[in-house]
Amino acid sequence: MKITFYGHACVGIEVSGKHILVDPFITGNPAASHIDINTLKADYILVTHAHQDHVLDVEAIAKRTNAVVVSNYEIAMHFGHKGLQYHPMNHGGSWKFDFGTVKYVPAIHTSSFADGSYGGQPGGFVIEGEHKNIYIAGDTALTMDMKLIPMRTKLDLAILPIGSNFTMDVDDAIIASDFLDCDKVLGYHYDTFGFIVINHEEAIKKFFDKGKDLMLLEIGASIEL
Ligand code: NI
Ligand code: MN
């Protein structure tokens, strides 16, 4: 499984020959100006919630690639009405796709589209791939619900927001990694806006001091699980 960071809360996942894109927000992110959305591959686009910093490039990429938009019912229907392929889910539900099993799990956040229309309830995704399992938290507070995830799935990587203000901060992400029983964390949702700027070295050291590994990738960089 290959994970690529495309800035903010956007990650690409390659697993079993399929390309999955999560929460594409690239053309609106000046720090990701070197990423060309017209070259990104996508068989599926997973959307955690409807906020603009998670859905901005969904339509453009899905129209070009014919990717299936996987999200909560309301977001899936929103893109379905625009003529895109979609797969609706809701909290606690799983579906076996051709690259692995996806479970949509709760997040503590909000979810409205840029025009104020209803975007269902926000979530995260647990992906059980052929050899590795990952959790993408989406925008969320620290929540006890995270303790449920390792009861079903042994995680190899947790992708957690660490920017604070709108989501968990670094200290809560450390507690989350305890709840998740996963010491390997990829941080996201930081630095993009003034509200969520963090000190990288301090964040990495805080994880290190707890015997955990926080990875902060350059935009466009990848890790192999
Ligand atoms: Ni949000
Ligand atoms: Mn966000």
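All of the numbers you see were taken from the coordinates with simple rules; none came from a lab. Because the structure is a prediction, the values reported are computed rather than measured. Glycine gets a Cβ as well: all are built from the backbone with ideal geometry, and neighbour counts include every protein chain shown.
Taking the Cα centre of the chain as origin, work out the dipole magnitude from +1 charges on Lys and Arg Cβ and -1 charges on Asp and Glu Cβ, in debye rounded to 20. Provide the component values of the computation, followed by the final result.
Values: 17 positive and 28 negative charges, 122 e Å.
The dipole magnitude comes to about 580 debye.
222 nm [θ] for the chain, helices only, -39500 (n - 2.57) per DSSP H run of 4+, per residue, to 500?
Working: 6 runs with 45 residues, N = 225.
After summing the helix terms and dividing by the residues of the chain, the value is -5000 deg cm²/dmol.
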Taking r as the C-beta separation of Glu218 and Asp115 and R0 as 30 Å, the FRET efficiency to the nearest 0.05 is 0.35
Site Val197, offset 7 angstrom along Cα→Cβ, radius 19 Å on amide nitrogen, limited to the stretch 9-52, gives 9, 29-33
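Only helices at least 24 Å long along their own axis, judged from Cα atoms, and with Kyte-Doolittle mean hydropathy of -0.5 or greater: name those in the chain from DSSP H.
Span-like helices in the chain: none at all.
What does DSSP give for the stretch 153-225 in terms of the percent of beta bridges that are antiparallel, rounded to the nearest 5?
Among the beta bridges of the stretch 153-225, antiparallel pairing accounts for roughly 10 percent.
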Short to long, in 10 Å steps from zero, the percent of alpha-carbon pairs of the stretch 33-114 per bin is 17, 51, 29, 3
Rounded to 0.05, the calculated FRET efficiency for the beta carbons of His131 and Asn90 at R₀ = 30 Å is 0.60
Here the net charge surrounding Met151, from other residues whose Cβ is less than 15 Å away from its Cβ (Lys, Arg +1; Asp, Glu -1), is 0
At q = 0.21, 0.30 1/Å the base-10 log of I(q)/I(0) from the Debye formula over the alpha-carbon atoms of the stretch 3-45 is -0.61, -1.13
One would report the Cα pair-distance distribution of the chain, bin width 5 Å, in %, as 1, 7, 16, 21, 22, 18, 10, 3, 1, 0
Counting only DSSP beta bridges with both partners in the stretch 2-224, the antiparallel fraction in percent, to the nearest 5, comes to 55
The alpha-carbon center of the stretch 179-220 and that of the stretch 59-111 are separated, in whole Å, by 26
